[in-house]
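Only one structure is covered here, and it is reproduced in the block below.
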Amino acid sequence: MPELVPQPRGGALLSGGIPGHRGGTGRPPDAWKALCRELASRDEMLEQARAVLSNREHPAWLGAWRFVAEQAYGKAEATQTVKGDVDAPLVIRVVAE
């Protein structure tokens, strides 16, 4: 059995790990995501989402479109600000993922 390591705010943790014990949160993995998928896939939820997205005057229209676009295509890359010697050569490397 590994030794106990006292923690700064009280209590103690086992050093290292217990052989064969993988740990975890105790709940099935992705249970929360599965529940959210189930709720979001209900017919009435999809109808409401379509109603909001088809009405530019709806107060949630822009936020809904942004959410849908990010879920479909990922978030837009953040803009970068370059500081320092602006006359220095700029090297850009393109990496295929």
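The values are calculated or read from the model by the stated rules, or taken from the named source; none is laboratory data. Remember, it's a predicted structure, so these values are computed and weren't measured experimentally. Cβ sites come from the backbone with ideal geometry, for glycine too, and all protein chains shown count toward neighbours.
Points worth noting:
- Scanning region 21-30 turns up at least one residue that is modelled with pLDDT under 90, surrounded by 10 or more Cβ atoms within 10 Å (Cβ to Cβ), assigned to a loop (DSSP other than H, G, I, E, B) and at positive phi.
- Pair list, Cβ < 9 Å and 6+ apart or interchain, from region 72-90 residues that are at positive phi and without any contact (Cβ under 8 Å) to a residue 12 or more places away in the chain to residues that are surrounded by 10 or more Cβ atoms within 10 Å (Cβ to Cβ) and among the basic types (Lys, Arg): none
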